[in-house]
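The next block holds one structure in the form of structure tokens; read it before the comments.
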Amino acid sequence: SLSDLQPLGLDPILSIAARVARDPRPERVDFGIGVYRDAEGHSPIFAAVKAAEARIARDQRTKAYLSPLGDTRFVAAMSAAAFGEHLAFAGLQTVGGTGALHLAMHVLAATGSGRKVVLGTPTWPNHAPIAASAGLGIRTYAHRADVGGAFDPAPLLQAIATCSAGDVFVLHGCCHNPTGIDPNLAQWQDIAAAIAAAGALPLIDLAYQGFGEGWAEDQAVVALFHDAVPELLVAYSCDKNFGLYRDRVGMLTVKGRDATSGQMIVQHLAAAARTAYSMPPDHGAVVVRTILEDAELSRLWRSELDAMRARLASLRQAFAMALEARGLGQPCLSRGFGMFGMLDVAPGDVEQLTERFAIFLPPSGRINLAALTDATIERLADALLAVRAG
Ligand code: PLP
Ligand code: TYF
């Protein structure tokens, strides 16, 4: 019966906000969930989004059903903006990047027997549960930096060399969550060639385009894989780069062996969407499309996103320097990209940071760099030094 259900462990990231809210200390800082913050600690709505929403409120004439594919103009406009007009992809709107991963894994589980999902560890804590929910087995390899702080491709290449044809490699397209450590282009080239040779299937999770090196640079891996492999899936989230988190905007784009098979895959994905939720919510997708179809709003949105990227990069460098000044330098922090980095913490350190200094982060030691300010950079670095000293 339902009363047999056992309590579940909490998500290590999603549970932090509630702990912070319960903490009475005014100096508490939340380095947990990956939401962009400005220098005042706010997660503001983009001005471009506000302008698009005003236009939609004024002009939208119907909210009649669309279809399980969602807003197909959104998918066309977003793929063109993300990947360029020249890359042929079929696709559908999804409930965020998570919905895209979920549909992809469920359709993959229904095709090909014994497929496994291959994940680097650490990875986003929802990847393995989504694969497991689809009934797919999981293999892992170490996603790590070499001693100089650059990505070490050896464990991934080894995992590819020992995989079975049809195995699914979930690859963070940019701004690896949680490490911030990405392969460089030459390494991506080797990875794509190895995946093609092994007959494995890449599923690129692209949730942070525009937060890493730049808008075009952050999708270079998609273009490179599109050239290298016959079949490719990209789970795309617009929730960070348009600041639409709770509106749940994403898409799943597919390169099939040919146009017909690409469309066939999308049909199956749409059927999976139909049984799960029928159709995705419309609002966020219309906002994104309204921005992308308007040159003025597009410029405004890109300038807002560029400012976020620049702020994140400068916080990352300032924090890396603060650690270095205390003899705690970590090359993978200064060499990383995006919203996250991992503190070099021993077991128990994170609990101490929280207990003694009201600094909240998941036990893995991942921090949301956007939660740093001039003051908290020094505080976090001092607290780490104190915790190290015991
Ligand atoms: N993939 C990664 C690596 C993420 O960090 C996130 C963050 O939420 C997602 C996917 C899911 O994105 P969404 O919030 O659009 O579902
Ligand atoms: O990594 C993050 O912080 C975001 C938000 O189960 C998130 O991707 C975290 C955990 C989770 C779902 C979303």
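All of the numbers you see were taken from the coordinates with simple rules; none came from a lab. All values reported here derive from a predicted model rather than from experimental measurement. Virtual Cβ from ideal backbone geometry, glycine too; neighbours counted across all protein chains shown.
Other residues with beta-carbon under 10 Å from the beta-carbon of residue 173 carry, at +1 per Lys or Arg and -1 per Asp or Glu, a net charge of -3.
Computed from backbone phi with θ = phi - 60° and the Karplus coefficients 6.51, -1.76 and 1.60, the 3J(HN,Hα) list for segment 22-33 is 7, 7, x, 6, x, 7, 4, 10, 9, 9, x, 4 Hz; x is used for glycine and proline.
Taking packing as the residue-averaged number of other Cβ atoms within 10 angstrom, the listed peptides 288-299, 197-208 run from highest to lowest as 197-208, 288-299. Restricting attention to the chain, close to 45% of DSSP beta bridges with both partner residues there are antiparallel.
For residue 324, neighbours were defined as the other residues whose beta-carbon sits under 15 Å from its Cβ, and their charges (Lys and Arg +1, Asp and Glu -1) total +1. For residue 255, go through the lysines and keep the ones whose alpha-carbon is under 17 Å away, minus same-chain ones fewer than eight residues off. Within the straight-line cut-off, residue 255 pairs with nothing.
Here, segment 68-203 yields an orientationally averaged convex hull projection of 8.7 nm² when only Cα atoms define the hull. Each 5 Å bin from 0 upward holds the following percent of the Cα-Cα pairs of segment 138-262: 2, 11, 20, 24, 20, 13, 8, 2, 0, 0.
The helix-based estimate of mean residue ellipticity at 222 nm for the chain, built from -39,500 (n - 2.57) per DSSP H run of four or more residues and divided by its residue count, is -14000 deg cm²/dmol to the nearest 500.
Over all other residues within a Cβ to Cβ distance under 12 Å of residue 355, the charged ones net out to +1, with Lys and Arg as +1 and Asp and Glu as -1. Shape summary: the chain maps onto an equivalent ellipsoid whose semi-axes, from the alpha-carbon gyration tensor, are 33, 26, 21 Å in decreasing order. Largest first, the three principal axis extents of the alpha carbons in segment 285-356 are 49, 24, 19 Å in whole numbers. Each part gets one Cα centre, and for segment 103-131 versus segment 1-28 those centres are 26 Å apart.
Shown for segment 1-125 is the translational diffusion coefficient from the Stokes-Einstein equation, using the Kirkwood radius over Cα pairs, a temperature of 37 °C and a viscosity of 0.692 mPa s: 165 µm²/s.
Once Rg and the Kirkwood radius are both taken over the C-alpha atoms of segment 233-370, their ratio Rg/Rh works out to 1.10.
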